[in-house]
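**Q** Before anything else, here's the structure in question.
The values are calculated or read from the model by the stated rules, or taken from the named source; none is laboratory data. Fair warning: this is a prediction, and the values are worked out from it, not measured in the lab. Cβ placement follows ideal geometry from the backbone for every residue including glycine, while neighbour counts extend to all protein chains displayed. Side chains are part of the model used for accessible areas, which takes the heavy atoms of the whole protein and leaves out ligands, DNA and RNA. Shrake-Rupley method; radii C 1.70, N 1.55, O 1.52, S 1.80 Å.
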Amino acid sequence: MNQLNPVDTLVIGSGPGGYMAALKSAQLGMKTAVVERDQIGGVCTHVGCIPSKALIAESHRYNTYKQWNNTAASISFEHAQAFKQAVVNKQSGGVNYLLKSAGVTILTGEASLIGEHTVAIKKAGTDQKLSFKHAVLATGSRPIELQALPFGGRILSSTEALSLSQIPTSLVIIGGGYIGVELGQMYAKFATKVTILEGGGQVLPGFEADLAAPVIRQLNDDGITIITGAIAIKAEQHADSLTLHYLKNQEQHLVKAEYALVTVGRKANTDGNLGLGHIGVQMSSNGLIETDEQCRTSIPHIFAIGDIVKGPALAHKASYEAKVAVEAIAGESSAVDYKAIPLVVFSEPELASVGLTETECKAKAIPVVIGKSSFSINGRSLALKAPEGFVKMIADQASGIVMGAQIVGVEASTLISELTLAIEMGATVEDLALTIHPHPTLGEVIMEAAENALRKIMKDRNKEKAVPN
Ligand code: FAD
C-alpha cells in the first residue's frame with residue numbers, strides 16, 4: 001500500500017460539510033487532505049440542493065412563458081437538463097478551485113479508517129495509506145429505500161428523478177416531505193400529472209397547518225393530487241408504466257403512473273467500509289454518530305458533521321458544523337448553537353422557518369406573543385403578482401426577544417435570513433420594528449409583523465400597569 005505524506009487534518013467527504021472543513025482547516029494553516037469517492041461537492045452540488053433548484057427555476061420560467069403565451073409551450077427538457085448540468089458543473093468547479101487554491105490535497109477513492117490515526121484510500125488498482133492528527137468525518141447520506149419498493153426500473157430516488165431525459169407523463173410520489181413536494185411541483189409545472197401519497201395527515205408534515213395551507217392550495221392549483229393517510233405497499237412494473245398499490249383507511253387502492261419517486265427520508269453513510277466500528281466510534285441507535293457541542297466524537301481527535309450527526313439534514317447546517325469542528329481542532333473554544341437553523345422549502349409559494357414555532361412554544365408552556373403580517377397588502381408582492389402568504393413571528397412575551405419565525409410567500413428563502421440574524425443576535429421585535437426597511441420591498445412584511453407583535457406586548461404591559469392596587 002502506497003504511504004502518503006501525513007496531514008494535520010484529514011476530511012472524509014467533500015459535500016458542504018467536508019469541503020468547508022477542508023477549506024477552513026487549510027486557511028488556518030493546517031496541512032489538509034480531503035478524500036472523496038465520488039464527485040467533489042457531494043450530494044448538495046450533484047444530486048441535491050443545486051440541481052433541484054436549477055430545475056425548479058427552469059420549471060417556473062417554462063410556466064411563466066406558457067401563461068404569457070396563453071398556450072401550451074413546447075419545451076425541450078433536454079435544454080432544462082443541460083442548464084441544470086451547467087449550473088452543477090460551475091458550482092463543483094468553484095469548490096474544486098477554492099480547495100486547490102487554499103492548498104488542500106484532493107484524494108480520490110473510498111476512505112476506510114484502519115486505525116485511530118490511519119486511513120486507507122481504495123481506488124481501483126491504487127490503494128493508499130495516510131496518517132493524520134485530526135479527522136473530520138463528513139460522509140453524508142443517501143436516499144432511504146423501502147423494502148416493498150426497491151429502487152430500479154420505474155422506481156426512482158431523488159437522484160434519478162433529477163436526471164430524467166424526458167418529462168414523465170405521470171409520476172406518483174411516495175412521501176410528501178420537502179423533497180417530494182419540491183420535485184412534485186417542479187414536474188407538475190412541466191405538465192406531468194403528479195400524485196403525492198403521504199402517510200401522515202398533511203404534506204409538509206413538519207410545518208403548522210396555517211403555513212402549509214397556501215402551499216397546498218397552490219399544489220392543488222398546479223393539478224397535483226394529494227392523498228394523505230396513504231401507505232404504499234407494493235408496485236408492479238410494466239413495459240411503459242407502473243401500478244402502485246397503497247393502503248388508505250385499511251382499504252387497498254391503486255394508482256398508475258409512468259414512474260414512482262420514493263422520497264421518505266435519508267440514511268446516514270456511517271455503515272459500509274468506513275471503519276467506524278473498527279476504531280470504536282460511538283454511535284446512536286438511529287445510525288448517527290454521537291458528537292459533543294464541538295462536533296467531537298467519542299474519539300477526541302475525530303470529529304463528525306453534517307447528515308451523519310443529529311439535527312436537520314441540511315447543507316448549511318453541515319457547513320456551520322464544519323467551521324465549529326475545525327476551530328475546535330485549531331484549539332479554539334467554539335461550540336455549536338442550534339437555536340437558529342433556517343429551513344427552506346423551495347415550493348411555490350416558498351416556505352421557510354427558523355427557531356421555535358408557536359406549537360413548540362405552547363408545548364413547552366413558554367409565554368409568547370405572535371406577530372403576523374400578510375403579503376397581500378405589500379406593494380412589492382402585489383407588483384410581483386405574488387400576494388399569497390404571511391410572516392409569523394414568535395417573541396418572548398416579557399422581553400420581546402424574537403424566538404422563532406415562519407414565512408410562507410414569495411422569496412421566503414431570502415427573507416428568512418433577516419429573522420435568522422435577529423434570533424442569532426438576540427434582537428427584540430422592537431429592534432425589527434424600528435429598523436428602517438426600504439420601500440417598496442418584501443422585507444416590510446417582516447417589519448409589520450414585528451410591529452404587530454410589539455403592539456400586543458405594549459397592550460399587555462399597559463394592562464398590567466392599569467391593574468388597580
Ligand atoms: P454530502 O453532501 O452527502 O456529501 C458526502 C460526500 O461524502 C459524498 O460526496 C460522498 O461521495 C462522500 N463519501 C461518503 N463516504 C465516503 C467514503 N467512505 N470515502 C470517501 N468519500 C465518501 N439541503 C439544503 O440545505 N437545502 C436544500 O435546498 C436541499 N435540497 C436538497 C434536495 C435534494 C433532492 C436532496 C437529496 C437533498 C437536499 N438537501 C438540501 C440536503 C443536502 O444536500 C444535505 O443535507 C447535504 O448535502 C449534506 O452535506 P454533507 O456534507 O453532510 O454530505
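**Q** If Leu98 passes every condition in (1) among the hydrophobic types (A, V, I, L, M, F, W, C); (2) in contact (Cβ under 8 Å) with a residue 24 or more places away in the chain; (3) open to solvent by less than 50 Å² (accessible area, probe 1.4 Å); (4) out of contact with any strand residue (DSSP E or B) (no Cβ under 9 Å at 6 or more places or on another chain) but one, which one does it miss?
**A** In the conditions (1) among the hydrophobic types (A, V, I, L, M, F, W, C); (2) in contact (Cβ under 8 Å) with a residue 24 or more places away in the chain; (3) open to solvent by less than 50 Å² (accessible area, probe 1.4 Å); (4) out of contact with any strand residue (DSSP E or B) (no Cβ under 9 Å at 6 or more places or on another chain), Leu98 misses (3) alone.
**Q** Looking at Lys317, Lys310, which is the one that is surrounded by 17 or more Cβ atoms within 10 Å (Cβ to Cβ), within 14 Å of the ligand (Cβ to nearest atom) and free of Cβ contacts under 8 Å to residues at least 60 places away in the same chain?
**A** Testing whether each residue is surrounded by 17 or more Cβ atoms within 10 Å (Cβ to Cβ), within 14 Å of the ligand (Cβ to nearest atom) and free of Cβ contacts under 8 Å to residues at least 60 places away in the same chain leaves just Lys317.
**Q** Show me the helices (runs of 4 or more DSSP H) entirely contained within segment 307-410 in which 3 or more residues are assigned by TED's automatic domain parsing to the domain that holds Ser25 and either closer than 30 Å to Asp292 by Cβ or at pLDDT below 95 (or both).
**A** Those helices (runs of 4 or more DSSP H) span 315-329.
**Q** How about segment 8-24: which of its residues are more than 13 Å from the ligand (Cβ to nearest atom) and either without any contact (Cβ under 8 Å) to a residue 40 or more places away in the chain or within 10 Å of Val136 (Cα to Cα) (or both)?
**A** Thr9
**Q** Same structure, new question: (1) touching a helix residue (DSSP H, G or I) at 6+ places or on another chain (Cβ under 8 Å); (2) more than 16 Å from the ligand (Cβ to nearest atom); (3) closer than 30 Å to Arg37 by Cα: which one isn't true of Ile226, the others all being true?
**A** Only one criterion is unmet by Ile226, namely (3).
**Q** Is it the case that segment 145-155 has a residue that's assigned to a loop (DSSP other than H, G, I, E, B), touching a residue at least 12 places away in the same chain (Cβ under 8 Å), among the basic types (Lys, Arg) and surrounded by 14 or more Cβ atoms within 10 Å (Cβ to Cβ)?
**A** Yes, because at least one residue in segment 145-155 is assigned to a loop (DSSP other than H, G, I, E, B), touching a residue at least 12 places away in the same chain (Cβ under 8 Å), among the basic types (Lys, Arg) and surrounded by 14 or more Cβ atoms within 10 Å (Cβ to Cβ).
**Q** Now a separate question. I'd like the full set of residues that are within 14 Å of Val215 (Cα to Cα) and either under 19 Å from the mean Cα position of the chain (by Cα) or not in a helix (DSSP H, G or I) (or both), limited to segment 180-193.
**A** Gly180, Val181, Glu182, Leu183, Gly184, Gln185, Met186
**Q** Among the listed residues Lys189, Lys193, which satisfies the condition of being away from the ligand (no atom under 11 Å from the Cβ), among the basic types (Lys, Arg), farther than 10 Å from Leu261 by Cβ and open to solvent by 10 Å² or more (accessible area, probe 1.4 Å)?
**A** Lys193
**Q** Output the residue which, of all residues in segment 36-70 that are more than 7 Å from the ligand (Cβ to nearest atom) and among the charged types (D, E, K, R), is surrounded by the most Cβ atoms within 10 Å (Cβ to Cβ).
**A** For segment 36-70, the residue satisfying everything is Glu58.
**Q** Of Arg461, Arg380, which residue is free of Cβ contacts under 8 Å to residues at least 60 places away in the same chain and open to solvent by 50 Å² or more (accessible area, probe 1.4 Å)?
**A** Among Arg461, Arg380, only Arg461 is free of Cβ contacts under 8 Å to residues at least 60 places away in the same chain and open to solvent by 50 Å² or more (accessible area, probe 1.4 Å).
**Q** Please determine whether any residue of segment 121-142 is farther than 30 Å from Lys31 by Cβ, within 15 Å of the ligand (Cβ to nearest atom) and either assigned to a strand (DSSP E or B) or not assigned by TED's automatic domain parsing to the domain that holds Ile226 (or both).
**A** Yes; the residues of segment 121-142 include at least one that is farther than 30 Å from Lys31 by Cβ, within 15 Å of the ligand (Cβ to nearest atom) and either assigned to a strand (DSSP E or B) or not assigned by TED's automatic domain parsing to the domain that holds Ile226 (or both).
**Q** With (1) over 17 Å from Ser52 (Cβ atoms); (2) in contact with a helix residue (DSSP H, G or I) (Cβ under 9 Å, 6 or more places away or on another chain); (3) in contact (Cβ under 8 Å) with a residue 60 or more places away in the chain as the list, and Leu204 as the residue in question, which single condition is left unmet?
**A** Exception for Leu204: condition (1).
**Q** Continuing with the same structure: Output the residues belonging to segment 320-329 that are more than 11 Å from the ligand (Cβ to nearest atom) and either open to solvent by less than 30 Å² (accessible area, probe 1.4 Å) or small (Gly, Ala, Ser) (or both).
**A** Within segment 320-329, Val324, Ala325, Val326, Ala328, Ile329 meet the criteria.
**Q** Follow-up. Return the residue satisfying two criteria in turn: it lies in segment 101-116 and is outside any strand (DSSP E or B), open to solvent by 40 Å² or more (accessible area, probe 1.4 Å) and touching a strand residue (DSSP E or B) at 6+ places or on another chain (Cβ under 8 Å), and of such residues it is farthest from Thr32 (Cα to Cα).
**A** Going through the qualifying residues, I end up with Glu116.
**Q** Test of understanding: among Glu332, Glu350, Glu360, which residue is acidic (Asp, Glu) and open to solvent by less than 40 Å² (accessible area, probe 1.4 Å)?
**A** After ruling out the rest, the residue left standing is Glu350.
**Q** I've got another one for you. Quick check on my filter: what residues within segment 274-301 are within 25 Å of the chain's Cα centre (by Cα) and within 14 Å of the ligand (Cβ to nearest atom)?
**A** Leu274, Gly287, Leu288, Ile289, Thr291, Cys295
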